[in-house]
Structures are given as C-alpha cells and as structure tokens.
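Colleague: Take this structure, written in structure tokens, and hold onto it; I'll ask about it next.
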Amino acid sequence: MVMGTRTISPAPVAVDSFIPRHIGPSAAEQQAMLAALGYDSLEAFIDAVVPESIRFRGTLNTGPERSEAEVLGSLKEMASRNAVYRSFIGMGYYGTHTPNVILRNVMENPAWYTAYTPYQAEIAQGRLEALLNYQTMVIDLTGLEIANASLLDEGTAAAEAMALCFGSRGSATRNVFLIGSDCHPQTIAVVEARASARGIVVQVGDPRTFAFDDTVFGALLQYPGTDGAVVDYRGLCETAHTAGALVTVASDLLALCLLAPPGEWGADIVVGNTQRFGVPMGYGGPHAAFFATRDEFKRLLPGRIIGLSRDTEGKPALRMALQTREQHIRREKATSNVCTAQVLLSVMAGMYAVYHGPAGLVQIAERVHRNAVTLAAGFERLGFAITHEHFFDTVRVEVGAHGQEDILAAATAHRMNLRVLEPGTITVALDETTTQQDIADLWTVFNNNATVDFSYAEVAAGVDARYDERFRRVSPFLTHPTFHRYHSETEMLRYMYALQARDFSLVHGMIPLGSCTMKLNATAEMIPVTWPEFGQLHPFAPTEQAQGYAQMFDELERDLADVTGFAGVSLQPNAGSQGEYAGLLVIRAYHQSRSDAHRTVCLIPQSAHGTNPASAVMAGFSVVVVKTDTDGNIDVDDLREKAEQHAANLGALMVTYPSTHGVFEARIKEITAIIHEHGGQVYMDGANMNAMVGVSRPGDLGADVCHLNLHKTFCIPHGGGGPGMGPIGVASQLVPFLPTHPVISTGGTHAIGPISAAPWGSASILPISYVYIKLMGGEGLATATKVAILNANYVAKQLEAHYPVLYRGQNGLVAHECILDTRGVKSASGVEAEDIAKRLMDYGFHAPTLSFPVAGTLMVEPTESESKAELDRFIEAMIGIREEIAAVERGESDRENNVLKRAPHTAAHVTSDEWDRPYTRQQAAYPTQFTRERKFWPYVGRVESAFGDRNLVCACPPIESYATS
Ligand SMILES: *Cc1c(COP(=O)(O)O)cnc(C)c1O
C-alpha cells in the first residue's frame, strides 16, 4: 500500500461491510491477479470465462449487502417469534443438556466444525478417534458387532436398513418389508417412499400379527415403541429368522443403557438417532443417526466406517475403511448414496458418552425412568389408565376424547407440548431435562388445571421400575478406558484439545478441495445456530410456535429460487445426495402423473460424481452412461444418440454444471434441449454452484431440478464430513410434487413422500446460509462467484508451467476449480498424485481432491475466501514439490526412498535418533519459511490402506493392543 498524507477517506466507506471479510483478495490483489491473467477488470475477465449464452445479466433479488450487526439483529427478532415450549412430544427427539464443555469446544469451535471429511487420515486422527468412540458407543449399546460413523437421520437409516436387507435377501421373489405400526410415523413414511421407488412392497401392521411367509425379506420394529411400549420381540426374531427374513430394530440409546439391547435378543440391524446424547433438537436437525449390524454385513453397511490400520512405521493409525463400498467407486452398484453424513454431531454424541461414561449414562437413564414411573403413578392417582405395563421414558395415558381437549388447553397454558397419539390417547415423553417441577406441572395439566394434593417425593417414594426382568440390561458397555478417563472437565477439555491438535482444518490453512468448496464459515453465520430459539425447538412442535423459522424458510426459499432461477424450493433434503434422490423422485412423480411411468432411463455422464448413479438407482431409474469427449465435455453426439435410442423411456439426465472437470460447457443449452425433445427432464447437480451464483442460473439453462449443497456454496461448515443441507429448486411443472411430511405438512399438491425424518431437514443450520446471503446481498454474492473463478484461474496460470491443467473452457480459462494432471510425472519419476497429496501436509496444506473426476490427478478449488497470500503460498508449495519430483526424474533422488514417497513426516520421524533417509530432516519438515513459523505436524506417518481393510476393527481396540505399540 502506498502511504499517503490523507487523514480521512474521501468517500464514506462502509467499514462494517462483510464482503471484504468474506472475499480473500483485496481489490488491489484482485487487480494484480487479473494482470497476471492478462485482464484489466473483473468484468472483462468474467466475460471471457463464462459463455455469453449462459450468462445471467440481472442482479439477484436477495437485497443489498448488510452488516453483521444488522443481520444478526433482525434475525434475532425473527427468532423471537419461535416459542420454546417444554417438549413432551418424543417421537425420536428429546430435550438434552449439551455439556457446556462440548458446546463451546466442539460445536462452537471452528477447529472441529471447519474440518473436511477425513480422507487424508494422517491429518485427521483426532476426529477419526472421536468417530471410533462413537462407533464403539453404538456397538456396545446396541449389542451388535459393527457400526458406521453416522447416517443422516433415523428415518433414512431405517430406509438404508431396508435396502441392506433387500440387498442380501436369499431369493429374488422376496419383496415384502413389514413395518410395525408402532414405529415413529416419520420413519414409516420415509421407508415407504424409499420402498415404492424400488418396487418393494411395504406392509404396516401390528408386529404381533406379522406373517413371515416366503415373500418377506425383512421387518422393522421400534423398541421402545413410538407410544413408549417395551415389548419382548425375542419370539418374533426367531420366527423371522426361521422364515429367512432379517429384523431391523429402531431404538433409543438412552433406553438401551437400562434395557436389554436388540443385538442380544435377535436383531440383525439396529438403527436410531443419537440426538439425545447432547445434541440440540434444532427443529429437526442436524443430528447423527446410527446404524449397527452384524459383521457378516460389513460390505453392505452404508455410510463411513472408521477402522484401525497402521502407518508405515507400524504405529496404530485410524482411517476410513472399506471405501470400495462407497458410491465413489461402486457408483450404480453402491450400497447407498450417502456421502456427506453427520460427523460433527457424531463427535458430539460420542463425546457425551466419553464425558458421562457408562455409570453417568445409566444415572441419566435411571433418572429419566424414575421420573416417568413417578409421572405415571401420579396419573394413576388421578384416575387415568396407563396403557402399557412396560415402558422407559414415554407414558401413554388414556384420557378419553372429552378429557383430551381440556388437557391440551391446560398444557398450552403451561407452555407445554404433548402428543395426541390418537383421539383420547396422549403420550408424555420425558428426557434428561425433565425436572420434578415439570412432573408436578404435568399432573396439574391432567387435573383440570388444578394443583394435585400429593407431592413428587411422596409418589416417587412408592414407585419401582416399570419394565420387568426380561427387559433388564445385564451386559456391561463402554468398558474401554476412553469412557472412564475424562469425567472431570479439566481432563475432558484436554482430551478434546489433544484430538483437535491432530486435525488440519480451515483454522490452519486452505483446504483446496475440488468439488467441495471449503470457503469461509464466518462466525456471524454460525452464531444463531446455538440460539435457543433455533436450537431448542422440537421438529413437530405446532407450527404456530415456529413462526420465526417459517419466515426464515420463506425468505431462504425465495432467495434460493432466485439464485437458481426456479419456481419452487424444498428445504427437506439434508445432504446433496438426498437432494439428488428427492429431485429424481419428483421427476418420476411428474412422469407418472402424465401416464409416463415407464420413463425410467436416466442418462449420466461418465465423469459424474458417484452419488449421481447411486441416487438414480435408489429413485428407481436405470442408468445409461454418456461418454465424455477428449476435452472433458459431454460427448453431445453420444448424448443425442442415447437420448434417441431411449426416447420412449427417457426419464432424466443428470448433469453437473459447471462440469466436474471445472469447465463451463458452452453447449449446455443444446444438451438440455435434446433431453426435453426426447421427453426427459434435466437434473442439474448443483455442487458446483459456487461458480454460478449471480453469474448464471440453472433454471435459465434448461434444467428442471437442481440441488444446492448449502455446506459447499452457502457456507455451512463441513463439520469433518457433515452436517450439510441439500435443498432442491424445481421448475414450475415440478412444484406440485415437492416432498411432504406425515406430521407437519409441507410440499406440493401432489407431493412425493418424505425423504428426511424432519419436515425441513436439518433446520437449525439453515440460519448459516440465510445470514450469508443477507450479509453479501445480490451483488456481493455475484462478486464472490467472480473472485472464486479468478482465484482458480490464477492458481491454474501460476502452476501451468509445472503441471498441465487438464481441461479448459473458452479462452483457455477454467471455472472455479482446475485439474492438475500429475499422471505425466508418474511415468518419469514414479511419483503419484497421492505422494503429492501427502507431501503437501509437510508444507502445511490439506491435499486437493485426489483422483476425482480423473484418476491420478489433483483437483484444486481455492474458493473466493482465500487471500492472494495464501494462494501464493500454495503455489510455492506445489512448485517446490515439482522440483522435488524433478530431482527424482534427474536421478538425483532415489525412486522409492525420497521425500515424496516417505511423506508425510511426523515430529517423531524427524527427531528420531536414527535418520537413514537420503534427504535432510530440514527438507523433510521445514520445506518453506512459512512452515518454520506455523508448523502443522501430521500425527502419524503414511497410513496403510490395504492392511486396514484386511484387519477391520471398527470399535475401540482393547487396551492390550496399545501396549504393543
Ligand atoms: C459433494 C458432491 C455431491 C454429494 O453431496 P453430499 O452433500 O456430500 O451428499 C454430489 N455431486 C457432486 C458433484 C459433489 O461435489
């Protein structure tokens, strides 16, 4: 900066503008980068990158930019229109005390919430350990052998369970899935929607009447039931198994601290929600669903599994195991389409178990149960009949149709929400937060709003457990030392910080992941998430109590519709993969409504993300692959040929824009027109919207549906692999089919069934995207896009002399990301993309996306939030690495024993008394000046993948295994 003599700015400067906080490069830096690319203005540059035919020339209607103080002020006002009543609704969502040490140091801590999915295990050992704790907790509490590290919600976990049972059924003639009518209604509805797309027949009924004939491949039960009943299903499991069917049980981890776990009485799969382990209800999410099963199904298990492997020195190291099951590899044959899951929330739930330990959890569960039985005994004194003999936390009371109205009115007066199960029947679900005062108030509510003439202490003195010996849990759980060491807050704090220190996140440096948009997650955007007005609402609270949410949804839907150029939006899908599935179901429903049910062919380009084909199959489509030409674009001739060939049955095209190759394909409108001509609808994968917001709109390009990954483009943090949100926008003809919900009505007039357990998915993280949009305003959003494209082209330009840039669009420019082709160096030096990724850790970077969409390459997406200084540092690292490769090519470095092949280097490596490597310790650990100032140490050396899959351990290993290391 030139220092002048000016003492005051000549023009009023919006000093509190958020835009220059969000956008990394200053105006002067942007000019320098533009100059390096040969352009004199951002506008001229964008005109050169973005084909005129796809350009959006308007301004988004999302309003003017506003300051942090203004936006948070008005949002607070909106939030105040949410009324936080005491919730006794249950149905899978409960009040919980988030331990404050976890709230502040995990949930509100960017070192945890800005991390990426732990694909680079060496710099992710902290959250991998936290997830292993979570898996161990699930395995122990459910009594099963193997568990994953989270699914999206209980409803979809149950649907995944059905898919597993279907996938492993003995005979192709089995296509009936039985569901107990006492499952949560949202679970039943999500499973039914999933089933109908796959042609599976669902029969909902009383489990006592289940008929297991040879058409049935599985059954779903709830334990305890949605009305609180604890039923002995041992006999049912035996009958099912004899008949060749599998049994899934949806359950509740707190109940399983006291009750015999389903894994011990015959369940093959146990699913549920871990929300009540310290994660706020958040009006529906996010929280982590769990999924546990038997070892024999490990290759069919959906979601990520954390397993134990070792590094090159033999040190134990964690990693994501069995990745070959996932859609990235298996595509249309994948076991599930789930990609982004609920890592942050799994970490929280696991930490809750670590903090309380088994004794603490039992104490909490016993307190809840004691309150429930006391409540029930009081109801009995008042003359009410308690329906079930055996229950845990939910009391079902028969009040009669007449009594019901008075009770509900009294409850409302006390700001309490009860659940009417059916006319004349009310359930009251208690939780960790229930107090003796709550119990007394509930008695008042059920006593014509008059105080009762007995006290809590009096009633509680005479009660006993309300489940008998058959149901009592006798097996120990959480015996691993991790669940016994950290019960003081000091120990807990240090444990969480020890794990945190092993993980690279955005607090350390850029995470230049192509396709994943790891941009700024501003603090102002995060703050509202833990406001009680957003965090403490039950998803099925009466909508009058959620007027603040309603307004936020409304505005957000309008803004997202404007951004995408669509007529309607559904906020229900809670990940991109779920948006794909939802959008495709909407397309199917549209075809069905026009008597075109046979339109089930889905064209998908070769280069598509793995979730695309996996989602298409889930939605009942058959996948036809379209070729990619040598420039990385869709082969339009091949597309036309396949569209013609399948014209009679063409249902949809799934296309990512800009392409997964990071290019604005100029022929996109021609492509969408071909599909429409042949009767299909166009699904646009919006994962790359960070290249489009304010510059081009899917709706204008001929797309009919598009999902938005709000955890990419709209600033929801990645959370180490979730949460996320994947709302869809749709063109007008598809609006009637947007998804509904069985409890809270949403969606269109001919709505498809729900695709998430909650009506607005993970509602409590929507304020993040809302705040981002309001802070930036229409023009700010477009500027962010333009700078994202500028940053990517700057990196491409600076690196092109060192690594070929694989694909380019018009004028030799890329979109918001670029693919660096490292395949050439492999033949000359033996160095692979993976070696570069690992070596980048020594330089203080997270690797770019590895081998997607092209094997053996690196895809770099810098985002607009990275400053020029950070980009230059990355460029310096990549050039430094290229020189290290050149030394191998010249024969100066050994082909195997070199600084790349042996990367990353840990502190233990470089401080070891023995050093037998043909390069110096300094070269290994301090390749740049920056690393001397801010060194990030990988916690383990290169992790062995094959060993881990061969020796899968998915629970905390026994303590002896540490003794040997
Ligand atoms: C991230 C991504 C997805 C999947 O989104 P999730 O939110 O992880 O389910 C789909 N397609 C593309 C191109 C992506 O980059």
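Colleague: Look through segment 840-882, keep the residues that are part of a strand (DSSP E or B) and among the β-branched types (Val, Ile, Thr), and return whichever of them is surrounded by the most Cβ atoms within 10 Å (Cβ to Cβ).
Modeller: Within segment 840-882, the subset part of a strand (DSSP E or B) is 849-850, 857-860.
Going one step further and asking which of them are among the β-branched types (Val, Ile, Thr), we end up with 849, 857, 860.
Working: 849: 23, 857: 24, 860: 28.
The qualifying residue surrounded by the most Cβ atoms within 10 Å (Cβ to Cβ) is 860.
Colleague: Is segment 345-358 home to any residue that is under 21 Å from residue 723 (Cβ atoms), within 16 Å of the ligand (Cβ to nearest atom) and either modelled with pLDDT under 95 or in contact with a helix residue (DSSP H, G or I) (Cβ under 8 Å, 6 or more places away or on another chain) (or both)?
Modeller: yes
Colleague: Could we say that residue 548 is in contact (Cβ under 8 Å) with a residue 60 or more places away in the chain and away from the ligand (no atom under 16 Å from the Cβ) here?
Modeller: yes
Colleague: Can you pull out the helices (runs of 4 or more DSSP H) entirely within segment 39-114 that have at least 2 residues that are under 27 Å from the mean Cα position of the chain (by Cα)?
Modeller: Filter on segment 39-114 gives 68-79, 110-113.
Colleague: Okay, next question. Assuming residue 702 fulfils every condition listed in (1) surrounded by fewer than 24 Cβ atoms within 10 Å (Cβ to Cβ); (2) at negative phi apart from one, which condition is it?
Modeller: If we test residue 702 against (1) surrounded by fewer than 24 Cβ atoms within 10 Å (Cβ to Cβ); (2) at negative phi, just (2) comes out false.
Table: residues versus (1) within 16 Å of the ligand (Cβ to nearest atom); (2) in a loop (DSSP other than H, G, I, E, B); (3) β-branched (Val, Ile, Thr).
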residue: 458; (1), (2), (3): no, no, no
residue: 464; (1), (2), (3): no, yes, no
residue: 479; (1), (2), (3): no, yes, yes
residue: 498; (1), (2), (3): no, no, no
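Colleague: So, one more: Within segment 645-696, can you find the residues that are over 14 Å from residue 713 (Cα atoms), modelled with pLDDT of 95 or more and of a type in the set (D, E, K, R)?
Modeller: Answer for segment 645-696, where residues must be over 14 Å from residue 713 (Cα atoms), modelled with pLDDT of 95 or more and of a type in the set (D, E, K, R): 667, 669, 670, 677.
Colleague: Go through segment 736-759 and report how many residues are surrounded by 21 or more Cβ atoms within 10 Å (Cβ to Cβ) and either away from the ligand (no atom under 13 Å from the Cβ) or of a type in the set (Val, Ile, Thr) (or both).
Modeller: The total comes to 13.
Colleague: Would you call residue 696 within 17 Å of residue 778 (Cβ to Cβ), more than 16 Å from the ligand (Cβ to nearest atom) and of a type in the set (Ser, Thr, Tyr)?
Modeller: When the stated conditions are applied, residue 696 passes them.
Colleague: Scan (1) more than 16 Å from the ligand (Cβ to nearest atom); (2) assigned to a helix (DSSP H, G or I); (3) in contact with a strand residue (DSSP E or B) (Cβ under 8 Å, 6 or more places away or on another chain) for the single condition residue 679 breaks and write down its number.
Modeller: With (1) more than 16 Å from the ligand (Cβ to nearest atom); (2) assigned to a helix (DSSP H, G or I); (3) in contact with a strand residue (DSSP E or B) (Cβ under 8 Å, 6 or more places away or on another chain) applied to residue 679, the lone miss is (2).
Colleague: Touching a residue at least 24 places away in the same chain (Cβ under 8 Å), over 30 Å from residue 841 (Cα atoms) and crowded, with 24+ Cβ neighbours inside 10 Å, is that true of residue 116? Step through it out loud before you land on a result.
Modeller: On the way: touching a residue at least 24 places away in the same chain (Cβ under 8 Å): yes; over 30 Å from residue 841 (Cα atoms): no; crowded, with 24+ Cβ neighbours inside 10 Å: yes.
Here the answer is no, as residue 116 does not meet what is asked.
Colleague: Quick one: how many residues across segment 756-815 are under 27 Å from the mean Cα position of the chain (by Cα), in a loop (DSSP other than H, G, I, E, B) and over 22 Å from residue 44 (Cα atoms)?
Modeller: Residues that pass the stated criteria total 7.
Colleague: Of the numbered conditions (1) free of Cβ contacts under 8 Å to residues at least 60 places away in the same chain; (2) of a type in the set (Val, Ile, Thr); (3) crowded, with 18+ Cβ neighbours inside 10 Å, residue 885 satisfies every one except a single condition; which is it?
Modeller: Only one criterion in (1) free of Cβ contacts under 8 Å to residues at least 60 places away in the same chain; (2) of a type in the set (Val, Ile, Thr); (3) crowded, with 18+ Cβ neighbours inside 10 Å is unmet by residue 885, namely (1).
Colleague: When both residues are 6+ apart or on different chains and their Cβ atoms are under 7 Å apart, which pairs have a first residue that lies in segment 794-808 and is without any contact (Cβ under 8 Å) to a residue 60 or more places away in the chain, and a second that is surrounded by fewer than 23 Cβ atoms within 10 Å (Cβ to Cβ) and of a type in the set (Asp, Glu)?
Modeller: Hits for this filter: 804/821.
Colleague: If you don't mind, there's one more thing I want to ask. Of the residues 266, 278, 225, which is in a loop (DSSP other than H, G, I, E, B), in contact with a Cys (Cβ under 9 Å, 6 or more places away or on another chain) and either on the phi > 0 side of the Ramachandran plot or among the charged types (D, E, K, R) (or both)?
Modeller: The conditions single out 266.
Colleague: Taking residue 330 as the residue in question, decide whether it is without any contact (Cβ under 8 Å) to a residue 60 or more places away in the chain and within 16 Å of the ligand (Cβ to nearest atom).
Modeller: Answer is no for this residue.
Colleague: List the residue pairs whose Cβ atoms are under 7 Å apart, where the first residue sits in segment 348-359 and is under 14 Å from residue 490 (Cα atoms), the second is outside any helix (DSSP H, G or I), and the two are 6 or more positions apart or on different chains.
Modeller: 354/486; 355/99; 355/486; 355/487
Colleague: List every residue pair whose Cβ atoms sit under 7 Å apart, with the two residues 6 or more apart in sequence or on different chains, where the first one lies in segment 512-526 and is surrounded by 24 or more Cβ atoms within 10 Å (Cβ to Cβ) and the second, anywhere, is polar (S, T, N, Q) and in a helix (DSSP H, G or I).
Modeller: Cβ pairs passing all conditions: 517/690.
Colleague: Given the structure, is residue 688 in a helix (DSSP H, G or I), within 16 Å of the ligand (Cβ to nearest atom) and not assigned by the TED database to the domain that holds residue 784?
Modeller: Spelling it out, residue 688 is indeed in a helix (DSSP H, G or I), within 16 Å of the ligand (Cβ to nearest atom) and not assigned by the TED database to the domain that holds residue 784.
Colleague: Identify, please: which residue in segment 563-621 is of a type in the set (Val, Ile, Thr) and within 20 Å of residue 303 (Cα to Cα) and is, among those, nearest to the ligand (Cβ to nearest atom)?
Modeller: Across segment 563-621, the extreme among qualifying residues is 611.
Colleague: Here are 641, 580: which of them is out of contact with any helix residue (DSSP H, G or I) (no Cβ under 9 Å at 6 or more places or on another chain) and either at pLDDT 95 or above or buried (at least 24 other Cβ atoms within 10 Å of the Cβ) (or both)?
Modeller: 641
Colleague: Of all residues in segment 585-620, count the ones that are part of a helix (DSSP H, G or I), in contact with a Phe, Trp or Tyr (Cβ under 8 Å, 6 or more places away or on another chain) and among the hydroxyl-bearing types (Ser, Thr, Tyr).
Modeller: So the answer is 3.
Colleague: Something else: Quick one: which of 411, 460 is touching a helix residue (DSSP H, G or I) at 6+ places or on another chain (Cβ under 8 Å) and surrounded by 22 or more Cβ atoms within 10 Å (Cβ to Cβ)?
Modeller: 411
Colleague: Now for a different question. Take the residues in segment 57-79 that are within 17 Å of residue 782 (Cβ to Cβ) and in contact with a helix residue (DSSP H, G or I) (Cβ under 6 Å, 6 or more places away or on another chain); name whichever of them is surrounded by the most Cβ atoms within 10 Å (Cβ to Cβ).
Modeller: Result: 62.
The values are calculated or read from the model by the stated rules, or taken from the named source; none is laboratory data. A quick note: this is a predicted structure, and the numbers were derived from the prediction, not measured. Note that each Cβ is placed from the backbone with ideal geometry, even for glycine, and that neighbours are counted across all protein chains shown.
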